[in-house]
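The values are calculated or read from the model by the stated rules, or taken from the named source; none is laboratory data. A quick note: this is a predicted structure, and the numbers were derived from the prediction, not measured. Cβ placement follows ideal geometry from the backbone for every residue including glycine, while neighbour counts extend to all protein chains displayed. Note: accessible area is taken over every heavy atom of the protein model, side chains too, but ligands, DNA and RNA are not part of it. Shrake-Rupley method; radii C 1.70, N 1.55, O 1.52, S 1.80 Å.
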Amino acid sequence: MSTLKSPMLGDSTTEENKVGSPSSAKALIYRTVLFCSMTSMLLGYDVGIMAAALPNMTKDLRLSEAEEEIIAGSLNIVAGICAVLAGHTADKLGRKKALGIACIVFAIGAGVMTSATE
């Protein structure tokens, strides 16, 4: 009788690890925690990048202290607002369509940043 190969991936070959069993629930919890942790790490990475880029932005764009604060604070404010909107969008349109919309918004943003000349 085989056991659960990887609780992170939910690999399973036994009867007791079917959907709805305690083992599959445990695997789901592990995956959920993993993805939530990755999201937090990525937001922390974004904040770190912003902290490193802000001095150069201030110098190049001649920003005042108030403008610096608005730029730095907008990252977290926009992330929070978009997280709430993403939940409502997923509830109304479904998860796949919500992810598709997020990908389109990301691609447009990447295109705008790529086309910036200065």
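A few comments on the model shown:
- Converting phi to 3J(HN,Hα) with the Karplus coefficients 6.51, -1.76 and 1.60 and the offset θ = phi - 60°, the range 57-64 yields 5, 4, 5, 5, 9, 6, 7, 7 Hz in sequence order, with x at every glycine or proline.
- Whole-Hz ³J(HN,Hα) from phi, Karplus 6.51 cos²θ - 1.76 cosθ + 1.60, for the range 106-118, glycine and proline x: 4, 4, 5, x, 5, x, 4, 5, 5, 7, 5, 8, 10
- Potential lengthening between Ala116 and Arg62 on full extension [0.36 nm per residue; Cα-Cα distance subtracted]: 17.6 nm
- For the range 16-118, the convex hull drawn through the C-alpha positions has a volume of 129 cubic angstrom per residue.
- Portion, in percent, of the accessible area of the range 43-110 that falls on carbon or sulfur, probe 1.4 Å: 70
- Loop trypsin sites (Lys or Arg not before Pro), the range 28-109 (other Cβ atoms within 10 Å of the site Cβ: 13 or fewer; DSSP): Arg62
- The magnitude of the dipole of the range 20-88, with charges of +1 and -1 set on the Cβ of Lys/Arg and Asp/Glu and taken from the Cα centre, is near 480 debye.
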